[in-house]
Amino acid sequence: MKIDSVKLRKILDSRTNYTVEVEINGFSGKAPSGASTGTHEAKCFVPEDLEGLEEELQQLEGEVLNQREFDRRLRDIDGSDDFSRIGAVGIAASLAFKQASGFDHGKEFPLPLSNVIGGGEHGGNTSIQEFLVLPVEAETFPEAIEINRKIYQDLKEDYAHRIQGMNDEGALITSMDDEQTLKALKKIADRHGARIGLDVAASEFYSEGKYSLGSLRQEFDANEQLKFIQHLIDAYDLVYVEDPFDQEDFRMHAKLTSQNPDVMICGDDLFTTSRDRLQEGVDHGACNSLIIKPNQIGTVSDTEDAVELAEEEDYTPVISHRSGETCDSTISDLALEWNCPVIKAGIADIRIAKLNRLLKLWDETEDREVYRP
């Protein structure tokens, strides 16, 4: 694709923090950001000299590049391993280039994994960061959205006296602790034929060998944490568990995976969308799925590398939003291009841009089907 024009600007994200939007040939890419971030993530900040970086990127105008060539040029411009110079400009530009060059959509639509109750670093009273629902019985993508929408609405109605607001991701904040929340959610999820998942985000409450779950007034070592997570899987028929241990603990992730071959044990902070980190997980037998967040690794091409390795090793790629979001819906198109079986994109607030994009694509696609777990 020939690059005709490049523009950069500061914009606001869903937390009213500044982020970066890049336009290439009139197509936009916007950088999200995370509150609960892995140690190995690419840097994602707004550079001070945005005008200077715009001038650097405008030097690419007139060149004909493909996605991988463009992303390599971004890394050359940055000059670091983790985008510590150009920060959010990297992923915003890479997403913009992908939007401008177009998508090769498949016909299998992902199931939406929706965060309906939240805590942890995203705000709330539970140590567990996200309580998620997956509409496993849905036969169409619109039906899947409707199931998750009803669960969210039923939670607000049935537990109105326990709802205290919404957090960073549009998830409900309740006055219940972690297990009370699971009991309440399971009752409603069962009503609608959905199953429950968790993003434990254990690294956020791990220190010096201990997992301190303040909401439950409990502290666990690694083996006790394993028993606790296994109890939750068994008691609440969990279909998905993300980051149940610290981000450096491949061994315990492997143990939980071996004990639960039919549950998606998913690495987010563990893998940070890195092909190299994922390969280490494969070598240890850690997890059977991974979160895919383009801004974790910095470019679309590097993200695709992680997806390709996941498919080779029979790991389920779960493409995901961030807690600090924009109305950018590129991950929805990428989910179809890369055949990601699951998209994690909330159910409320600005995150609906991703879901609405998929609803539009569903209407425009013939012979489409939704992923069947």
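Observations
- Checked against (1) over 30 Å from residue 356 (Cα atoms); (2) surrounded by 16 or more Cβ atoms within 10 Å (Cβ to Cβ), residue 234 passes all but a single condition, namely (2).
- Number of the condition not met by residue 54 [criteria: (1) within 30 Å of residue 242 (Cα to Cα); (2) assigned to a helix (DSSP H, G or I)]: (1)
- Top-ranked residue in region 189-212 [being hydrophobic (A, V, I, L, M, F, W, C) and farther than 17 Å from residue 228 by Cβ; ranked as farthest from the chain's Cα centre (by Cα)]: 189
- Neighbours by Cβ (under 8 Å, 6+ apart or cross-chain): first from region 124-139, assigned by TED's automatic domain parsing to the domain that holds residue 217; second of a type in the set (Lys, Arg) and surrounded by 24 or more Cβ atoms within 10 Å (Cβ to Cβ): 132/344
- Any hit, region 110-122, residues being of a type in the set (Val, Ile, Thr), surrounded by fewer than 22 Cβ atoms within 10 Å (Cβ to Cβ) and farther than 24 Å from residue 26 by Cβ: no
- Filtered by the rule that a residue be in a loop (DSSP other than H, G, I, E, B) and under 16 Å from the mean Cα position of the chain (by Cα), region 345-373 gives 345, 346, 347, 348.
- Neighbours by Cβ (under 7 Å, 6+ apart or cross-chain): first from region 349-364, under 13 Å from residue 148 (Cβ atoms); second in a helix (DSSP H, G or I) and acidic (Asp, Glu): none
- Hits in region 342-373 - residues which are surrounded by fewer than 20 Cβ atoms within 10 Å (Cβ to Cβ) and under 16 Å from residue 240 (Cα atoms): 371, 372, 373
- Residue list for region 188-219, restricted to those being surrounded by fewer than 19 Cβ atoms within 10 Å (Cβ to Cβ), basic (Lys, Arg) and in contact (Cβ under 8 Å) with a residue 12 or more places away in the chain: 191
- Region 160-184: number of residues that are in a helix (DSSP H, G or I) and in contact with a helix residue (DSSP H, G or I) (Cβ under 6 Å, 6 or more places away or on another chain): 2
- Listing of helices (runs of 4 or more DSSP H) fully contained in region 220-311 that carry 3 or more residues being in contact (Cβ under 8 Å) with a residue 40 or more places away in the chain and out of contact with any Ser or Thr (no Cβ under 7 Å at 6 or more places or on another chain): 222-236
- Single residue of region 310-328 satisfying the filter (crowded, with 23+ Cβ neighbours inside 10 Å and out of contact with any Gly (no Cβ under 9 Å at 6 or more places or on another chain)) that is nearest to residue 168 (Cα to Cα): 326
- Residue selected from region 139-193 under the condition under 16 Å from residue 115 (Cβ atoms) and of a type in the set (Asp, Glu), by the criterion modelled with the lowest pLDDT: 168
- Restricted to region 57-103, and to residues there that are part of a helix (DSSP H, G or I) and among the polar types (S, T, N, Q), the residue that is nearest to the chain's Cα centre (by Cα) is 94.
- Boolean, residue 114 is among the polar types (S, T, N, Q), within 22 Å of residue 248 (Cα to Cα) and either assigned by TED's automatic domain parsing to the domain that holds residue 318 or within 24 Å of the chain's Cα centre (by Cα) (or both): no
- Residues within region 351-369 that are polar (S, T, N, Q) and either more than 11 Å from residue 107 (Cα to Cα) or touching a Gly at 6+ places or on another chain (Cβ under 7 Å) (or both), tallied: 1
The values are calculated or read from the model by the stated rules, or taken from the named source; none is laboratory data. Since the structure is predicted, the reported quantities are computational estimates derived from the model, not experimental observations. In this analysis, Cβ positions are derived from the backbone assuming ideal geometry, glycine residues included, and neighbour counts consider all displayed protein chains.
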